[in-house]
Amino acid sequence: MSNKTNNEIKKVRENIIDAIKNSNVTMRSRYYFVARSALWIFGITITAGIVIYLISFMTFIFRGSGLSLLPHLGPQGFIALFISLPWLLVLGIFIIFILLQILSTHFSFVYKRPLVHTILGSVFVFVILGILIGQTTLHDRAYRLSQNNKLPFAGSIYRESLRDRGSMHMGTITHLNATSSFTLTDRKGTELHIQVDFDTRLPRRTLSNGMNVMVMGKVDKDTIKAVGIQSFDPERAGFSRELIPSTLHIR
């Protein structure tokens with residue numbers, strides 16, 4: 001048994017020597033491997049940072065555009081939320097996250113672990129960090145700069161980030177009629193005529209002039225047949241005071 005092992009070791013040694021003599025093996029210095037590892041770590045760090053930034057941006061959109069109000073309107077609100085999500089952003093996060101997982105497999109402490117554990121752990125960490133960063137003023141400041149055309153690279157993206165999405169419309173009741181309808185001035189200053197009937201899901205608070213509401217329903221010219229209405233306080237809904245449009249009423 002010992003002679004067999006020695007013969008195998010001798011054969012491997014001879015194969016290595018033959019490969020070196022035939023120039024099939026290239027010698028690399030230690031600095032080469034250090035530099036290559038540093039590049040891998042740099043790539044992973046940048047990719048992870050992009051994922052966290054995009055998740056935080058999605059958090060900013062969710063709290064600033066009024067999407068967080070839709071679940072209050074029941075099943076129809078959840079359907080509207082699903083339709084209104086920024087799916088291109090979600091797809092981008094998914095693709096970059098997959099790229100990050102591929103880059104991470106270069107290191108043994110990643111590929112030696114079960115893939116499911118690595119993915120779940122990464123998702124948990126990135127989502128938590130993204131939500132925390134999304135609650136800071138980072139995106140608020142970028143949004144303000146975009147409104148003043150002082151954000152050269154992503155200005156158009158930020159300017160459109162807090163727009164009304166899908167069938168939701170946010171604004172202030174400026175004229176309450178006695179015939180189950182009211183006038184809504186949205187965040188751009190446009191006046192919309194809102195029709196309410198027995199099927200409309202209404203907020204607990206009685207509608208009144210000066211109330212900020214989110215109306216869900218399709219627009220026909222300047223008229224909306226409301227499917228649901230939800231009142232909100234701009235600051236409690238997640239708006240930074242600096243981002244509250246002048247058309248919304250602050251109590």
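The values are calculated or read from the model by the stated rules, or taken from the named source; none is laboratory data. Note that the coordinates shown come from a computational prediction; the quantities given were computed from them, not determined experimentally. Positions of Cβ are generated from backbone atoms using ideal geometry, with glycine treated the same way; all protein chains shown enter the neighbour counts.
Numbers for the structure displayed
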| quantity | calculated |
| --- | --- |
| Candidates 131, 55, filtered to the one that is surrounded by fewer than 17 Cβ atoms within 10 Å (Cβ to Cβ) and among the hydrophobic types (A, V, I, L, M, F, W, C) | 131 |
| Qualifying helices (runs of 4 or more DSSP H) (wholly inside the range 77-163; at least 1 residues being assigned by TED's automatic domain parsing to the domain that holds residue 64, in contact (Cβ under 8 Å) with a residue 60 or more places away in the chain and under 30 Å from residue 37 (Cβ atoms)) | 87-104, 115-134 |
| Failed condition for residue 100, given (1) touching a Ser or Thr at 6+ places or on another chain (Cβ under 9 Å); (2) more than 24 Å from residue 142 (Cβ to Cβ); (3) of a type in the set (A, V, I, L, M); (4) modelled with pLDDT under 85 | (2) |
| Failed item, numbered, when residue 216 is tested on (1) modelled with pLDDT under 80; (2) crowded, with 17+ Cβ neighbours inside 10 Å | (1) |
| Given (1) more than 30 Å from residue 201 (Cα to Cα); (2) modelled with pLDDT under 80, number of the condition residue 64 does not satisfy | (1) |
| Flag if residue 200 is touching a residue at least 12 places away in the same chain (Cβ under 8 Å) and buried (at least 16 other Cβ atoms within 10 Å of the Cβ) | yes |
| Residue 210 of a type outside the set (Phe, Trp, Tyr), part of a loop (DSSP other than H, G, I, E, B) and within 31 Å of the chain's Cα centre (by Cα) | no |
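Per-residue answers, yes or no, for (1) surrounded by 17 or more Cβ atoms within 10 Å (Cβ to Cβ); (2) at pLDDT 90 or above; (3) more than 20 Å from residue 85 (Cα to Cα); (4) of a type outside the set (Gly, Ala, Ser):
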position: 145; (1), (2), (3), (4): no, no, yes, yes
position: 151; (1), (2), (3), (4): yes, no, yes, yes
position: 187; (1), (2), (3), (4): yes, no, no, yes
position: 228; (1), (2), (3), (4): yes, yes, no, no
position: 250; (1), (2), (3), (4): no, no, yes, yes
